[in-house]
Amino acid sequence: MADVVCGRYNDVLSDVTIVDCRYPYEFQGGHIKSAVNLFTKDDVSALLHRPVSGDKRHVLIFHCEFSSERGPKMYRFLRSQDRELYKDQYPALLFPEVYLLHGGYKAFYNKFKVISMVAVSLTCKFRIAYTCKCPNTDC
């Protein structure tokens, strides 16, 4: 996930939407860089009505605090809505690549903790001053 956030797959991905399914107060307390806070079914359903462009892949990555309840529930909801919209064009989907962040935000945060309020070399900047040690040194 850190590699995706740092842009290491930009050559093959046209867009990545990180969907944070936690409540707004949790999201405001800290979140993964570029994540969008979609915690209701209406919010997630709106993803299916926004234009998707590009020759490359558009990937959705869902998560909640532990990716054990809210994230998986919204993931399944989006997949069922996407399948319903494209039932006449089976197996086509608007979002064929949808993932669930293993361990959720808590595991991601624990692995890529805040190390400084100031960006230092070999780090990627995260919103709300979060930084992570990237696996590669060219970050």
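No lab work stands behind these numbers, since they all come straight from the coordinates. Computed from a predicted structure; not experimentally measured.
List of remarks:
- Distance from the Cα centroid of segment 6-65 to that of segment 76-92 is 18 Å (rounded to whole angstrom).
- Kirkwood estimate for segment 29-113, i.e. one over the average of 1/r between Cα atoms, Å: 13.9
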